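Here is the structure we will look at, set down as C-alpha cells.
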Amino acid sequence: MLRLTYYGHAAIQLSDSKHTVLIDPFITGNPLAPIKPGEIKACDFILVTHGHADHLGDTVALAKRHNSTVVATWELTNYLAAQGVAVHPMSVGGSFEFPFGRLKLTPALHGCGGSAESEGPAVPANTPVGFLLNFAKKVIYHAGDTALFSDMQLLSEKAPVNIACLPIGDNYTMGVDDAARANEFLKAERCIPIHYNTWDVIQADVQAFQFKIEKQGKKCTVLNPGEFVEL
Ligand code: NI
Ligand code: MN
C-alpha cells in the first residue's frame, strides 16, 4: 500500500513497507511544515525538482542523517556531492529503474538560474524538472514548479497517471485554472494540490480547484500539512 504524506508546500513523502522517498523536503523555514526535520524517521531516496531553497530545503542534512541517495539533475547533484551527499545524477527526459520503481524526469517550465539564497555554497544554475514515478504499483506525477504546457498529455500515454501533485499557488507556478487545465491533459485519477498558501503571494482557493477537478470526474484530495492518504 502507498502512503503519501504532505509536509506543506511541495514536500511529499511516499512510503510503503519497503521504501521511503521524499520529494522536495523543505521543512526548516517552511511556515506550513507540521514537523521538524528530525521527525523524518527514514528516507532511502530524496528527489529534488530544482535548486530553489523552497525545494532543496533540508536535503543535505536529511541525506547525511539517513544515508539517502539524492536524485536530481546533473548540475544539482554535483553541488550536493561536493557537500558529501550520495547522489544519482539524471537529466530531463531520462528515466532509470530504482529499487522503489522507475523514475522519469519530466520537463517543467520554470527558472533556476543559480543563487546564493541558501546558506552555504551558492546553488549552480540548474534545469527545473518534474517527476513521473512508479511507486507501490501506482504512477505518481509531481509537477515541480511549472507553468501549464500541453505536452503534459504525453505523460499519461504510456500508463495512466494515478496521482498528480500539482502546484496551484499562482505567481511562481500554475494557478488554480491552469492546474485544473493541466489535469485535462494528464487525466490523472486523483489530484493533490501543492505549492500554495505557504506565503501571502501564493494564496489559492483550494475549494475552487477541487470543484474544477471533480467536474472532470476525477478525485481531488486536499491534504493539510502533516496529513496523509493511503491508496
Ligand atoms: Ni522554484
Ligand atoms: Mn517553489
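Read-outs: derived from the displayed coordinates by stated rules, not from any lab. Please read these numbers as outputs of a predicted model, since none were measured by experiment. As a convention, Cβ positions derive from the backbone with ideal geometry for all residues, glycine included, and neighbour counts pool all protein chains shown.
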Under the classification rounded if a/c is under 1.5, otherwise prolate if a/b is larger than b/c and oblate if not, where does segment 1-42 fall, given a ≥ b ≥ c as square roots of the Cα gyration tensor eigenvalues?
prolate
XL table Lys41/Lys219; Lys158/Lys215; Lys137/Lys158; Lys158/Lys219; Lys18/Lys137; Cα-Cα > 23 Å flagged, in table order, is Lys41/Lys219; Lys158/Lys215
Over the chain, what is the mean sequence separation of C-alpha contacts under 8 Å (at least six apart), divided by residue count, expressed as relative contact order in percent?
18
For segment 67-150 the GluC sites (Glu not before Pro) that pass both the DSSP coil test and the at-most-11 other-Cβ-within-10 Å test are Glu119
Compute the signed sum of charges (Lys and Arg +1, Asp and Glu -1) over the other residues within less than 11 Å, Cβ to Cβ, of Ile163.
+3
Indicate the gyration tensor shape class of the chain (rounded, prolate or oblate), computed on the Cα atoms with a ≥ b ≥ c the square roots of the eigenvalues: a/c under 1.5 is rounded; otherwise a/b larger than b/c is prolate and the rest oblate.
rounded
Scan segment 158-231 for trypsin sites (Lys or Arg not before Pro) in coil per DSSP, keeping those whose Cβ has at most 10 other Cβ atoms within 10 Å, and list them by number.
Lys158
Amide H of Leu109: which non-local residues (sequence gap of 5 or more, or other chain) have their own amide H closer than 5 Å, using H built in the peptide plane?
Ala147
Express in % the proportion of alpha carbon pairs of segment 130-231 at distances exceeding 16 Å.
52
Karplus-derived 3J(HN,Hα), 6.51/-1.76/1.60, for each residue of segment 138-154, Hz, glycine and proline x
10, 9, 10, 10, 10, 6, x, 8, 7, 7, 5, 9, 6, 5, 4, 5, 6
Just the number, please: percent antiparallel of the DSSP beta bridges in the chain, rounded to the nearest 5.
55
What trypsin sites (Lys or Arg not before Pro) in segment 20-119 are in a loop by DSSP, with at most 15 other Cβ atoms within 10 Å of the Cβ?
Lys41
Row for segment 1-112, column shape: gyration tensor on C-alpha, a ≥ b ≥ c, rounded if a/c < 1.5 i.e. under 1.5, prolate if a/b over b/c, else oblate; value rounded
How many percent of all Cα-Cα pairs in segment 56-105 sit more than 18 Å apart?
30
For Gln13, the net charge from surrounding residues (Cβ-Cβ under 12 Å; K, R +1; D, E -1) works out to -3
